């Protein structure tokens, strides 16, 4: 006698999800377990607004200020640089290798209120700080509507 197998849609979906996860893990993971480097976003940032500025803080430990390039085109901020290793260690001697050395770039869209033309940058204790003054808010201007004299005379 043949037994009927009960169809469980939840089990099938979980199984499919596991297979897709495994496919992505195998495709985009390097032997050390790190995600494919091209998908890195770059250095982390904090971007916030104070009363009169938009402030961006970006930790760049191990980077010298003269090795950082900051440019603004339109409302796009680009920060580029390179972090060098201070000593040469052979790959097979590592127990863990989590520090990232090499070039980096980070592109950020600035809020419309940031005035890039008056931006200031400082670098202290390995933290790049960018200050963008806020653009003065455009106040609506009231325009008085006047009736033409010909229209007033026809009353």
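Screening residue 83 on (1) under 19 Å from the mean Cα position of the chain (by Cα); (2) surrounded by 11 or more Cβ atoms within 10 Å (Cβ to Cβ); (3) at pLDDT 90 or above shows it passes everything except condition (3). Output the number of the condition that residue 95 fails; it satisfies all remaining conditions of (1) loosely packed, with under 14 Cβ neighbours inside 10 Å; (2) modelled with pLDDT of 90 or more; (3) farther than 13 Å from residue 70 by Cα. Residue 95 satisfies every listed condition except (2). Within segment 63-73, the residues that satisfy the criterion of being surrounded by fewer than 17 Cβ atoms within 10 Å (Cβ to Cβ) and over 13 Å from residue 119 (Cβ atoms) are 64, 65, 66, 67, 69.
A quick yes/no check of all residues on (1) modelled with pLDDT of 90 or more; (2) in a helix (DSSP H, G or I); (3) within 15 Å of the chain's Cα centre (by Cα); (4) surrounded by 10 or more Cβ atoms within 10 Å (Cβ to Cβ):
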{"residue": "22", "(1), (2), (3), (4)": "no, yes, no, yes"}
{"residue": "27", "(1), (2), (3), (4)": "no, yes, no, no"}
{"residue": "42", "(1), (2), (3), (4)": "no, no, yes, yes"}
{"residue": "51", "(1), (2), (3), (4)": "no, no, no, no"}
{"residue": "61", "(1), (2), (3), (4)": "no, no, no, yes"}
{"residue": "77", "(1), (2), (3), (4)": "yes, no, yes, yes"}
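Every listed requirement among (1) exposed (fewer than 12 other Cβ atoms within 10 Å of the Cβ); (2) over 22 Å from the mean Cα position of the chain (by Cα); (3) at pLDDT below 85 is met by residue 144 save one, (3).
Evaluated against (1) over 19 Å from the mean Cα position of the chain (by Cα); (2) modelled with pLDDT under 90; (3) not in a loop (DSSP other than H, G, I, E, B), residue 122 falls short on exactly one condition, (2).
The values are calculated or read from the model by the stated rules, or taken from the named source; none is laboratory data. Keep in mind it's a predicted model, so treat the numbers as computed, not measured. Here the Cβ is made from the backbone with ideal geometry for all residues, glycine too, and neighbour counts use every protein chain on show.
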